[in-house]
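I have placed the structure first, in the form of structure tokens, so that the comments after it can refer back to it.
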Amino acid sequence: MTSEKLFLILSYAAVFCGFLALSISGVFGVIGTGLFVAALIGGWFLESSKWQVSERVGTVLIVLSLPAYYALYKVGFFPNVGSDSALPGILARLIVTLSAIKILQRKSDRDWIFLYVMSFFEVLLAAGLSISPLYFAAFITYIFVMVCAVILFEIRKTGRSLLGKEPMEDAAGQTGIAGAASKARSERFSLPIRRVPATAVLLIIFIVVLAAPMFFLLPRVGGAGFGGTMRGGAETAVGFSDTVRLGGIGQIQQNDEIVLRVRIDGTTPAEYPDDIRWRGVALDTFDNKYWRKSKPTPERLMPKGAGDLIQVDAARGTESFVLQTIYLEPINSSVLFVLPRAVGVQGGMPGIFRDAGGSLSAATRGERISYRVLSETTMPAVSALRRDNGLYSDEYENYLQLPDELDPRVRELASQIASGTRTRYDAARAIESHLQTQFGYTLEQKAAGDEPLADFLFNVREGHCEYFATAMAVMLRTQGVATRVVNGFQRGDFNQTAGVFVVRQRNAHSWVEVYFPGEDAWITFDPTPFAGQNLTADAGGMGRRINGYLEALETLWIQYFVAYDSAEQRSLLASVRRGASSYGKQTSSVVDSVRAQILEWWREVRGDAGFKQSVTAVGYGLALLALGIALVLAFVWLYRRIVNLTLWRRLRLRFFGGSGGSVVEFYERMQAVLASKGLSREPYQTPLEFANIVGIPEVITITYLYNSVRFGEAHLTKEQIVAIETSLNSLKGSVS
């Protein structure tokens, strides 16, 4: 394969990898993907033919593309027009269109540069639209292919600049002798094809080594937001909402889209029960169909400094604090999900909002963000809650509110269930248990009418979590117990590989919080039957395990690259400092131990423990010295044996070819073998004259190959490389 052919292959591959990275985000459908692939294939077969689009026509098409796309945008041709995902989608389509035009065009150097730049923008744009592991794989492939293409592009360009223009064809269409000579000379400026991948890998490693410390150590600016995702046009998590609506007819869709990932520092999943929840929004007003907030205006909380912890609540004690790092995917809500009870939040946000129900939010609707939460998990003892029957103050009246028209049977049922209980805690447990055991769980939204709650309790008798939470909250309010409904997510699946909880849309959940004024605490109750709680994925199956590894890769990509901010930087530096400190202590301990043993040995040598002990210590010292010298000599011998193995020479010749330095190397090896036996080439002898004088067949074979490569510009084949090594090995054993 010629270098020009390889250049074309790598350039087309780089353009395709850029498109592939962008298509993974779901921007293009089957038709768009098919059209671009068809343009790539067509451009490949039309390359260097008269059917290629001329440069003038290509320029006109590119100029016309801009107003054409603007007109299509104004008439609403593109999907998601008016949403946050519209502009990235239109920009992606425009870039791909411009690339397709250039692919079909007759290309000069600046056209290839244009295609490289467009592919780079495609990869850059895809980084904000997708965090899939497939994108990471496409990105790595793109980097390798692009570096290889740029290397060949520069060699190709440099060769032409040194030798002048490309060889011109004569009137008969045949390349002249001068042109052929120029083309042959240009090959001398090219890097052997087999060396291009190795050179690209070395360049990538060099760049990574230089860039990695800067990426991890340079100060971070900006916020914690790290872009959004289009999700094929679906921006909201099905099942979660800032409000709750009862009475809708239909089916709740079970969606496996990931909503958030949660890493709990310093713990294992076994330390947390299955019923942990990620609290979202608390609702206190019910009108028979909707749950809403009675006080929608929140309080804004600001950090003392950039990146500082924002205090959102007062801590009750000094123990049972849990630190979580949460990676939140874009949803159609500004809610921040936390493990109750949150006392502090840290992130790149300029501030957060806290409403009367303790719900937290930030101005990040539709964005992918990361933040840390410090939660206090200490809860009052059950005995204390049973004693807590104090009166509610006026500020909690809204948590006792009931609809203007409520079916009287709801109050009667609540009184019947709570009869015989003496405390509000026991009443709450009684109603919770009744709903869990006497009703069925289903995703079918069957209850309807003007009072869907009554229809659920007395007719349908089955429903999903929002019906159960509403039933318990309203029934307790009829008994004078302050309640509110909370929307959030259940614990989700724990990914062992990444060490995170992966929470999906199907984990959306509603539950109840009951207020106890004496303890000043909101306590969680969940009346949903156990069939509707802790909805996790099946643990078995090869597909599930592979998916878990892909999710772990995606999580690591988010944590250490996409969402890597100043908080993660401080955490990494703290880990490095702890590791360095621990290593220093261990090293110091070992040094102290060795020093103590040396001092003890020296005291014995001096005779402090007697003449006999002194002689023994000297003997031990001499033995250790002899052992050390033997180990050094053995290491040197082993190193020389390994370095001189034929395997390394074969590998070097295999991957880096048989020209240049390697030619001199194998001929010099032959000369060294002959010189060790007293056969040395005189300065006035040519290699072939020396080989004929020696008269050994192996020497003649190696010399002929040396001359053909050194002076005939030939390249060694695999068979010739093997023949050289075989001849050298035979020569070492036969020459005497």
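Rounded to the nearest whole Hz, the Karplus-based 3J(HN,Hα) values (6.51 cos²θ - 1.76 cosθ + 1.60, θ = phi - 60°) of the range 66-77 follow the sequence 5, x, 5, 5, 5, 5, 5, 5, 5, 8, x, 5, with x at glycine and proline.
Give the average over all directions of the projected area of the C-alpha convex hull of the range 426-507, one decimal, in nm². If I average the Cα hull's projected area over directions, I get 7.1 nm². Grouping the Cα pair distances of the range 1-149 into 10 Å bins from zero gives a pair-distance distribution of 11, 40, 36, 12, 1, 0 percent in increasing distance order. Amide H contacts of Arg504: Val259, Asp493, each under 5 Å away and 5 or more positions distant or on a separate chain (H built 1.01 Å from N in the peptide plane; Pro and chain starts excluded). With a Förster radius of 60 Å applied to the C-beta separation of Leu443 and Thr587, the computed FRET efficiency comes to 0.50. Accessible area of Asp265 (1.4 Å probe, protein heavy atoms only, ligands and nucleic acids ignored): about 60 Å². Note on Ile546 and Tyr73: the model spin-label points, each 7 Å out from Cα along the C-beta direction, lie 4.0 nm apart. The H on the amide N of Ala482, modeled in the peptide plane, is under 5 Å from the matching H of Tyr515, each at least 5 residues off or on a different chain.
Annotation for the range 683-730: chymotrypsin sites (Phe, Trp or Tyr not before Pro) lying in DSSP loop with at most 12 further Cβ atoms inside 10 Å of their Cβ are Tyr684, Phe711.
Distance between the pseudo-spin-label points of Phe611 and Val30 (7 Å out from Cα toward the beta carbon): 10.1 nm. Counting only aspartates and glutamates at least 8 places from Lys612 when in the same chain, those with an alpha carbon closer than 17 Å to its own are Glu600, Glu604.
Between Glu47 and Glu668, the C-beta separation translates, for a Förster distance of 35 Å, into a calculated FRET efficiency of about 0.20. Converting phi to 3J(HN,Hα) with the Karplus coefficients 6.51, -1.76 and 1.60 and the offset θ = phi - 60°, the range 679-687 yields 10, 10, 7, 6, x, 7, 8, 6, x Hz in sequence order, with x at every glycine or proline. Partner aspartates and glutamates whose Cα lies under 12 Å from the Cα of Lys732, excluding those fewer than 8 positions away in the same chain, are identified as Glu698. Do any of Lys5/Lys107; Lys50/Lys102; Lys50/Lys157; Lys50/Lys107; Lys107/Lys157 go past 19 Å between their Cα atoms, and which? Correct reply: Lys50/Lys157. Ranking Ala448, Gln436, Thr497 by how far each Cα lies toward the positive end of the dipole of the range 423-549 (charges on Cβ) leaves Thr497 at the top. Report the calculated FRET efficiency for Leu323 and Thr378 (r = Cβ-Cβ distance, R0 = 22 Å), to the nearest 0.05. After rounding to 0.05, the efficiency reads 0.90. Phi angles across the range 45-54 convert, under the Karplus curve 6.51 cos²θ - 1.76 cosθ + 1.60 with θ = phi - 60°, into 3J(HN,Hα) values of 6, 8, 4, 6, 10, 6, 8, 5, 5, 6 Hz, Gly and Pro given as x.
The values are calculated or read from the model by the stated rules, or taken from the named source; none is laboratory data. The shown structure was predicted, so the numbers you read here are calculated from the model rather than taken from an experiment. Quick reminder, even Gly has a Cβ in these numbers, built from the backbone with ideal geometry, and neighbours come from all protein chains shown. For accessibility, only protein heavy atoms count, side chains too; no ligands or nucleic acids. Shrake-Rupley method; radii C 1.70, N 1.55, O 1.52, S 1.80 Å.
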